[in-house]
1. If ligands, DNA and RNA are left out, what is the accessible area of residue 212 with a 1.4 Å probe, given in Å² to the nearest 10?
2. Past 18 Å, Cα to Cα: identify those pairs from 145/303; 108/353; 222/344, in the order given.
3. How long is the stretch 1-153 along each principal axis, judged by its Cα atoms, biggest number first, in Å?
4. If you take the beta carbon distance between residue 263 and residue 340 as r and set R0 to 25 Å, what does 1/(1 + (r/R0)^6) give as a FRET efficiency, to the nearest 0.05?
5. Treating only the Cβ atoms of Lys and Arg (+1) and Asp and Glu (-1) as charged, compute the dipole magnitude of the stretch 221-367 about its Cα centre; round to the nearest 20 debye.
6. Antiparallel versus total DSSP beta bridges in the chain: what percent is that, nearest 5?
7. Between residue 302 and residue 278, what is the spin-label point distance in nm, taking each point 7 Å from the Cα along the Cα→C-beta axis?
8. At a Förster distance of 51 Å, what's the computed FRET efficiency of residue 21 paired with residue 293, Cβ-Cβ distance as r, to 0.05?
Amino acid sequence: MSSASAPADRPVRFGILGCAAIARKLARAMLLAPGAAVAAVGSRSEEKARLFAADNGLDVATTRLHGSYEALLDDPDVDVVYLPLPTSLHVRWATAAAARGKHVLLEKPTALCAADLDAILAACDAAGVQFMDSTMWMHHPRTAKMREILDGKDAFGDARVINSVFSFRANEDFLQNDIRVKPDLDALGALGDVGWYCIRAILWAVDYELPKTVIALRDPVKNRSGVLLACGATLYWADGKSATFSCSFLTNLTMDITLVGTNGTVHVTDFVIPYEEKSAEFSVASKSNFAELHVGWNPMPSKHVVTTDLPQEALMVQEFARLVQTIRDHGGKPEGKWPAITRKTQVVLDAVKASIDKGSEPVEVVS
């Protein structure tokens, strides 16, 4: 039997559950990613599903359009459910998807708290389906290249200080009407939407070693409903390293990570969404010193450029499809790395939220 006709080459069929704005980006990614296909779109009305399909280049003749979320979950020709619904709806629909044997690609923040996430992960575990959150920058080849630098003890050494900022200046319509400022839909506000990325970046940098304690920065900004619009925290580890992040809907678009090691420093200024789709860069300063008379640096930092044919969200979809093919076509088991990383991110986020709620008191991180 030729490999071209082998069942492993059957594309993984994605169903999009809900027509949120972010789903447009993922629909495009599914069209670009090898091994993936958009099989169905489910919305609260068939008309909304039809409009979404037409607006996003999906073939309305071959893409099944469902007028309810339940109908999409009951579709036997869907392998994966991509779920971009408001955070408050994640437990209900992610557990329902897993119970019907669908693999789950879940938008971040994945849950309002770790207990809710645990219900989702338990449902996926019981059903033997793959779980992954859609933190796209994890899948960019730049991320792997930066990991190589961090793992190089000679050039970087040991991570000691980490800073991360993710902010964007939301307009008045967003601040009044977006689901991310509504307490009944996305109660974590800026912490869940943009702080999630900072927390993930920090954990990624320290190889997912959980901090011992977190202390929220004082005077977080909240809207009238009590939803966070700007906040931050400092994380502390038992060995003395620390990390600080700030996240906001109120300041200019910024996506920074600064990683300071004993021997080197890594800077990236567009970590969540690269300035350009096809190439991304970062800088490394290693064994830096003052030039003579302290009039400059020696050696100068180096710039590293990493190119990619596919945008990071398509690489994420491609990787998820590969994991699903392994399970569906080869009797493989779900990859445990992804739910473990999600859970650590959620646990730290919970601790930051608890510290904010306690007026910036220290909160122990409990795994």
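The values are calculated or read from the model by the stated rules, or taken from the named source; none is laboratory data. This is a predicted model, so every value here is computed, not measured. Heads up, the Cβs are rebuilt from the backbone with ideal geometry, glycines too, and the neighbour counts pull from every protein chain shown. For accessibility, only protein heavy atoms count, side chains too; no ligands or nucleic acids. Shrake-Rupley method; radii C 1.70, N 1.55, O 1.52, S 1.80 Å.
1. About 110 Å², rounded to the nearest 10.
2. 222/344
3. 56, 46, 32
4. Details: r = 29 Å, r/R0 = 1.16.
Given R0 = 25 Å and the Cβ-Cβ separation, E is 0.30.
5. Details: 14 positive and 16 negative charges, 79 e Å.
I would put it at about 380 debye.
6. In the chain, approximately 60 percent of DSSP beta bridges are antiparallel ones.
7. For the pair residue 302/residue 278, the computed spacing is 2.5 nm.
8. Values: r = 54 Å, r/R0 = 1.05.
Efficiency at R0 = 51 Å is approximately 0.40.
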